[in-house]
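Here's the structure, in structure tokens; my notes come after.
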Amino acid sequence: TELLFVNSEREPSEEEQYSHYLSIFMAMDKRVVTIRTLDAGGDKIVPFMDIPEGENPSLGMRGVRLYTSNRAIITRQIRAILRAASGVEAKIMFPRIVRDEEVEICKTLLFNAHAQLEREKVAHKWPIETGIMIETPAAAVTAHALAKHSDFFSIGTNDLTQYAMAAERGNSSLSPLSDPLNPAVIRLIYQASFEGRKAGLKVGICGEIGSEPSAAALVIGLG
């Protein structure tokens with residue numbers, strides 16, 4: 001959803017977001033749609049958000065780490081998602097989760113948005129399945145704990161590869177290291193998948209490996 005926010009001079013209103021998400025649900029014609037909440041920061045510049053600068057943006061304030069200081073923006077986005085998802089098959093997913101405390105922050109924002117819409121008597125989807133992105137080695141190796149707070153996992157293989165290999169995604173000179181099929185990355189994918197399935201969660205992937213037919217059998221084998 002950051003495509004609505006990045007490089008925009010102003011925050012898209014709740015109504016603008018609602019219309020955008022609704023058009024996606026309608027186009028998908030009753031298929032299940034998972035919407036990820038805003039993953040700003042790093043190389044995703046959002047001028048109107050409070051994003052502290054850092055010497056290494058990829059390791060800085062990004063994703064869920066910005067939610068507390070930008071609570072109103074995230075709440076408006078969640079409200080728009082819940083409203084648009086009324087009566088359709090939808091899930092919501094939170095980015096950049098490293099600790100279970102961060103899942104609680106996200107769920108608090110979600111429940112608060114639901115409570116607001118209830119008070120306003122506005123139709124919206126409730127309850128809704130909530131999942132998290134597994135994008136760091138820390139999240140992969142503590143997936144057993146994160147599973148207790150989630151309905152599903154999505155393993156973000158691009159960022160997981162970047163952090164596992166200590167190789168910046170956008171640096172072409174490091175491209176030989178940006179390989180999601182590296183054994184170190186595969187072990188992390190397997191660990192997250194194993195713990196998710198053990199907890200009864202569905203586990204999916206996103207990132208370039210998901211578009212590689214040659215990797216399909218391996219990914220299925222990893223669970």
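Of all accessible surface on the chain at a 1.4 Å probe, what whole percent is carbon and sulfur?
54 percent
So what is the relative contact order for the chain, in percent, with contacts set as C-alpha pairs under 8 Å and at least six apart?
16 percent
Quick one: if you stick a label point 7 Å off each Cα along the C-beta vector at E55 and K107, how many nm between them?
The two pseudo-label positions are separated by 3.7 nm.
Can you give me the pair-distance distribution of the stretch 1-132, C-alpha pairs, 5 Å bins, whole percents?
Pair shares across the bins are 2, 11, 21, 23, 21, 14, 7, 2, 0, 0.
Report, in debye and to the nearest 20, how large the dipole of the stretch 107-223 comes out about its Cα centre when Lys and Arg carry +1 and Asp and Glu carry -1 on their Cβ.
440 debye
Could you pull out every whole DSSP H run in the chain that spans at least 15 Å of Cα extent along its own axis and averages -0.5 or higher on the Kyte-Doolittle scale?
14-28, 71-84, 100-119, 183-198
Hand me the tally of lysine pairs in the stretch 1-152: alpha carbons under 20 angstrom apart, and the pair either on different chains or 8 or more positions apart.
Here the count comes out as 7.
Thinking of the stretch 109-198 as a set of Cα atoms, what percent of all their pairs are more than 15 Å apart?
So the pairs more than 15 Å apart make up 63 percent of the total in the stretch 109-198.
At 222 nm, what helix-only mean residue ellipticity would the chain give, in deg cm²/dmol to the nearest 500, using -39500 (n - 2.57) for each DSSP H run of four or more?
Result for the chain: -12000 deg cm²/dmol, rounded to the nearest 500.
Antiparallel versus total DSSP beta bridges in the stretch 12-163: what percent is that, nearest 5?
Antiparallel bridges make up about 10 percent of those DSSP assigns within the stretch 12-163.
What distance in nm separates the simple spin-label points at D43 and S86, each placed 7 Å from Cα in the Cβ direction?
Spacing of the two 7 Å Cα→Cβ label points: 3.9 nm.
Quick one: P(r) of the stretch 139-184 from all Cα-Cα pairs, 5 Å bins, percents rounded to integers, in order of increasing distance.
So the P(r) values, bin by bin, are 5, 21, 25, 18, 14, 10, 6, 2.
Using a simple spin-label model with points 7 Å from Cα along the Cα→Cβ vector, what separation in nm is obtained for R71 and R187?
If labels sit at R71 and R187, their model points lie 4.1 nm apart.
So for the chain, what are the equivalent ellipsoid semi-axes in whole Å, largest first, each being the square root of 5 times an eigenvalue of the Cα gyration tensor?
Ellipsoid half-lengths, sorted descending, are 28, 21, 16 Å.
Under 5 Å between amide hydrogens, which residues at least 5 positions from K91 or on another chain qualify, with H placed 1.01 Å from N in the peptide plane?
Correct list: V33, T34, I35.
Hey, can you find the accessible area per residue of the chain for me, probe 1.4 Å, expressed in square angstrom?
For the chain, the solvent-accessible area averages 51 Å² per residue.
Calculate the length of the line joining the C-alpha centroid of the stretch 4-63 to that of the stretch 148-223, in whole Å.
Taking the Cα centre of each part, the stretch 4-63 and the stretch 148-223 sit 22 Å apart.
Could you calculate the contour length gain from S173 to V122, that is, 0.36 nm times the residue separation minus the distance between their Cα atoms, to one decimal place in nm?
13.2 nm
The values are calculated or read from the model by the stated rules, or taken from the named source; none is laboratory data. Predicted model only: the values in this text are computed from it and were never measured. Counting neighbours? That spans all protein chains shown, and the Cβs are built from the backbone with ideal geometry, glycine included. With ligands, DNA and RNA removed, areas are computed over all heavy atoms of the protein, side chains included. Shrake-Rupley method; radii C 1.70, N 1.55, O 1.52, S 1.80 Å.
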